[in-house]
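Down below is the structure, laid out as structure tokens.
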Amino acid sequence: MISVENLKVEFGVKPLFSDANFVVNDRDRIALVGKNGAGKSTMLKIICGQEQPTAGRVVVPQDTTIGYLPQVMVLQDDTTVREEAQKAFADIQKVAERIERMERQLNERTDYESESYMALVEKFTSEHERYQMLGAEGYEAEIERTLTGLGFERKDFERPTSEFSGGWRMRIELAKILLRRPDVLLLDEPTNHLDIESIQWLEQLLATWSGAVVMVSHDRAFINNVSNRTLEISCGQVIDYKVKYNEYLVLRRERREQQLRAYENQQREITEMRQFIERFRYQATKAVQVQQKVKQLEKIVPIEVDEVDNSAMHLKFPPCLRSGDYPVICDEVKKAYDHVVFDHVNLTIKRGEKVAFVGKNGEGKSTLVKCIMGEIDYEGHMKVGHNVQIVYFAQIQAQLLDESLTVFDTIDRVARGDIRLRINDILGAFMFGGEASEKRVKVLSGGERSRLAMIRLLLEPVNLLILDEPTNHLDMPSKDVRKEAIRAFDGTAIIVSHDREFLDGLVTKVFEFGGGKVREHIGGIYDWLESRPDRLSPDPSLRGRGVNTPVASSANKSKNTPSSQGGAGGESSSYALRKEQQKVLKRAEKAVE
């Protein structure tokens, strides 16, 4: 469908990538992966024609349509949500107007036997058939289905787009792209502004998409559920793996191990040749052999090893004061603007707990965070415990960094006391070592800005950490390091996130926001997803890595036992099964206590 041939991109001395060759086929679900700054977004822009490569070309067939969702878009605010979505069907509307004009002409004319009249009838028939083939009869229903799947309610359809936040307007742009049904979808971080329900809906839609999909995403669960092929940008090369993301990780590890062995063998061979040359350089009897070794040495092509970030981010929160036993207690808390955001909120967060706030956008997660921080008024009683020191990290903090400053100056301006002597060490731990510390903020990628904003957060000790979408724009390794750091954090953490993989195994309690209520769920993120009556089936390979539910697993086992199917010896095996279930239940009760 799309052919990429000998592609090369240079922004500085070292090219982003070179000699890139691959083909995007029909029904491909390609995950484009690589560390931050590897050139993933640049590759998408080149494929859709927004940027030109230094060398090489992208061949797109003339009748192939491409839909591109960038990370940042210029949004317009002069229409309603429905009218904006209808722009996806501009071609259909033009056809409808042509049909309407021809229909008026047919009704007005009386020269039924003339050649021009017959030509008009033939053209009218052709256009009407095309109109029906474009799916025009049901496009309004398709608009409603897509907007609803992306989290909009019917009452939102007639609201002006200017009333919505940037994240919601990005959803409208995504809806328009999906409604156009392009042959190739290019999606750059499509899940950044979606809640868990909308992400799962998009997963199912893309799994049955009739065209091709090329996506950049750092949501591990999302790309693994959708992808059937992985393109990796590494060492300035594009490597094609014909497998989904999880399988790619295994193959990549094996590939790197092979490269390391080959590299070590080659280095050993080079060392032996050099030693031979140095040893017999001045012996006339060995002159021919020495010259042969020199020529062999010159012909050796060095083996490159796939780059792995060995300068791993050593993220560690500084020691903090011990807070009270209950950092946050809400008692009948209510917040209303022109409508009730939430009411009768009763929750208690214990010291050291890691909890998740989940739910659709606009249901009050950020509002309750603002209540906890004392930024807005509310009704009811809320108690922030003794010695609680709160730090709030939101994605907007990364966007508010002064773009004219360098990385070093950004930290130097907020550092105090002895910490100023260790700024270079801290920056090195966050992969801003050496020349990277002299980069200006304006040239940093989204993930690099997020890391820089996190350094600022770490410069003061805290014991209550509130993180709002902490994984946006971070690559996979950075997300893993941040997750481990929060897991090892001595204090309490409230995490507002829609990233299932990030929350899995990290939180032990989920607070669900919806319908003006806040419901508490004991267990991990996949336990909560399983408990929902309207749940969309998650990928079974991703479950069970967080807080386990042994009672449920034993119940599942019981369905496959002979006793549960009325087999022989059912009574004795049923008794043994009940005893086993009682043991499992007691263990679970102790764990809950």
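The values are calculated or read from the model by the stated rules, or taken from the named source; none is laboratory data. All values derive from a computational prediction rather than experimental measurement. Here the Cβ is made from the backbone with ideal geometry for all residues, glycine too, and neighbour counts use every protein chain on show. Only protein heavy atoms, including side chains, enter the accessible area calculation; ligands, DNA and RNA are left aside. Shrake-Rupley method; radii C 1.70, N 1.55, O 1.52, S 1.80 Å.
Within region 474-497, identify whether any single residue is among the polar types (S, T, N, Q) and touching a Cys at 6+ places or on another chain (Cβ under 7 Å), and answer yes or no. No: zero hits. For region 8-32, a residue qualifies if it is modelled with pLDDT under 90 and open to solvent by less than 20 Å² (accessible area, probe 1.4 Å), and the qualifying residues are Val9, Phe17, Ala20.
What strands (runs of 3 or more DSSP E), lying completely within region 414-518, carry at least 1 residues that are hydrophobic (A, V, I, L, M, F, W, C) and touching a Gly at 6+ places or on another chain (Cβ under 8 Å)? The strands (runs of 3 or more DSSP E) meeting that bar are 464-468, 509-514.
Looking at region 216-230 only, could you name the residues that are within 21 Å of Asp480 (Cβ to Cβ) and touching a residue at least 40 places away in the same chain (Cβ under 8 Å)? Selection gives Val216, Ser217, His218, Asp219, Arg220, Ala221, Ile223, Asn224, Asn225, Val226, Ser227, Thr230.
Out of all the residues in region 149-160, which are closer than 16 Å to Leu194 by Cα and open to solvent by less than 70 Å² (accessible area, probe 1.4 Å)? Residues satisfying the conditions are Gly149, Leu150, Gly151, Phe152.
Applying the set (1) at pLDDT 75 or above; (2) not in a loop (DSSP other than H, G, I, E, B) to Arg578 leaves exactly one unmet item: (1).
Whether a residue is within 28 Å of Gly447 (Cα to Cα) and loosely packed, with under 14 Cβ neighbours inside 10 Å was assessed, and Gly49 passes this test. Only one of the listed residues (Ala284, Ala262) is among the small types (Gly, Ala, Ser) and modelled with pLDDT of 85 or more. That residue is Ala262. Is it fair to say Asn36 is among the polar types (S, T, N, Q) and crowded, with 20+ Cβ neighbours inside 10 Å? The answer is yes for Asn36.
Residue selection: Ala96 fails the criterion of being farther than 30 Å from Val4 by Cα, modelled with pLDDT of 85 or more and part of a helix (DSSP H, G or I).
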